Amino acid sequence: MQMAQIDSIYHDGYLAVTPLGTQSQEDTLLLLKDGTVYSGLQVSPADLDVAASRKNEPDETVSSV
């Protein structure tokens, strides 16, 4: 992936109350300029193969039309 394809990266850290107590949670979203949003990335954006991800992991992307 080219860095020019990235519109923004959103990171949110927060505390969540669970039955076991308070736990730290984090959400990271990658927004591409074509309107695609990735959540739960397992690799660095620089290592992301967008075409392969869309084919093999369709549930990991949300495309806004």
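Bear in mind that the values in this text are calculations on the coordinates, not laboratory data. Only a predicted model underlies this, so the values are computations on that prediction, with no experimental measurement involved. Neighbour counts run over all protein chains shown; Cβ positions are idealised from the backbone, glycine included.
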Exercise. Build a GNM of the chain with springs between Cα atoms under 10 Å: which of Leu30, Leu48, Leu15 gets the top mean-square fluctuation?
Worked result: Leu15
Seminar exercise, completed: For the chain, the convex hull over Cα atoms projects on average to an area in nm² of 5.4 nm²
Problem set entry | In sequence order, calculated HN-Hα J values of the range 26-36 (Karplus, 6.51, -1.76, 1.60; Hz; x Gly/Pro) | 9, 10, 10, 10, 10, 9, 8, 5, 7, x, 6
Exercise. Taking a label point 7 Å from the Cα of Tyr14 along the Cα→Cβ vector, which residues of the range 34-54 have an amide N closer than 17 Å to it?
Worked result: 39-40
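Helix-only mean residue ellipticity at 222 nm, the chain, DSSP H runs n ≥ 4 weighted -39,500 (n - 2.57), per residue, nearest 500. What is it?
Numbers: 1 runs with 7 residues, N = 65.
Estimated from H runs of four or more residues: -2500 deg cm²/dmol.
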Seminar exercise, completed: Here, Ala4 and Ala46, labelled 7 Å along Cα→Cβ, have an inter-label distance in nm of 1.8 nm
